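Trainee: There's a structure below that I have some questions on.
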Amino acid sequence: MKRSLLPILCCPVCKGDLELRVAEEKDDEIIEGALFCGACEVEYPIREGIPNLLPPTDQD
């Protein structure tokens, strides 16, 4: 994921701002990490440069 995408991304649940948490970065590309919504307290993983912004599902 390009770091420059962060300003246009928002939480798919509440539309709040996302905080970037980087585990691995190469040049300006985030390879591993997460996008965190402080309002919902939900973390969306970034794996192999691809953010997974699917809303969480409740599993009973």
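Trainee: Please count how many residues of segment 20-46 are touching a helix residue (DSSP H, G or I) at 6+ places or on another chain (Cβ under 9 Å) and within 23 Å of Thr57 (Cα to Cα).
Mentor: Adding up the residues that qualify gives 2.
Trainee: Quick one: count up the residues across segment 31-52 that are in contact with a strand residue (DSSP E or B) (Cβ under 9 Å, 6 or more places away or on another chain) and either small (Gly, Ala, Ser) or open to solvent by 50 Å² or more (accessible area, probe 1.4 Å) (or both).
Mentor: Within segment 31-52, the first condition is being in contact with a strand residue (DSSP E or B) (Cβ under 9 Å, 6 or more places away or on another chain), and the residues that meet it are 31-38, 42-49, 51-52.
If we keep only those that are either small (Gly, Ala, Ser) or open to solvent by 50 Å² or more (accessible area, probe 1.4 Å) (or both) too, we end up with 33-34, 38, 43, 47-49, 52.
Qualifying residue count, segment 31-52: 8.
Trainee: Can you pull out every residue in segment 1-25 that is free of Cβ contacts under 8 Å to residues at least 40 places away in the same chain and open to solvent by less than 50 Å² (accessible area, probe 1.4 Å)?
Mentor: Across segment 1-25, the qualifying residues are Leu6, Cys11, Gly16, Leu18, Leu20.
Trainee: OK, next. What residue, of Asp58, Asp28, is modelled with pLDDT under 95, on the phi < 0 side of the Ramachandran plot, open to solvent by less than 90 Å² (accessible area, probe 1.4 Å) and more than 12 Å from the chain's Cα centre (by Cα)?
Mentor: Details: Asp58 fails: open to solvent by less than 90 Å² (accessible area, probe 1.4 Å).
Being modelled with pLDDT under 95, on the phi < 0 side of the Ramachandran plot, open to solvent by less than 90 Å² (accessible area, probe 1.4 Å) and more than 12 Å from the chain's Cα centre (by Cα) holds for just one of Asp58, Asp28, which is Asp28.
The values are calculated or read from the model by the stated rules, or taken from the named source; none is laboratory data. These numbers were taken from a predicted model, which means no experiment stands behind them. Note that we place each Cβ from the backbone using ideal geometry, even for glycine, and neighbour counts take in every protein chain shown. SASA here: full protein model, heavy atoms, side chains in, ligands and nucleic acids out. Shrake-Rupley method; radii C 1.70, N 1.55, O 1.52, S 1.80 Å.
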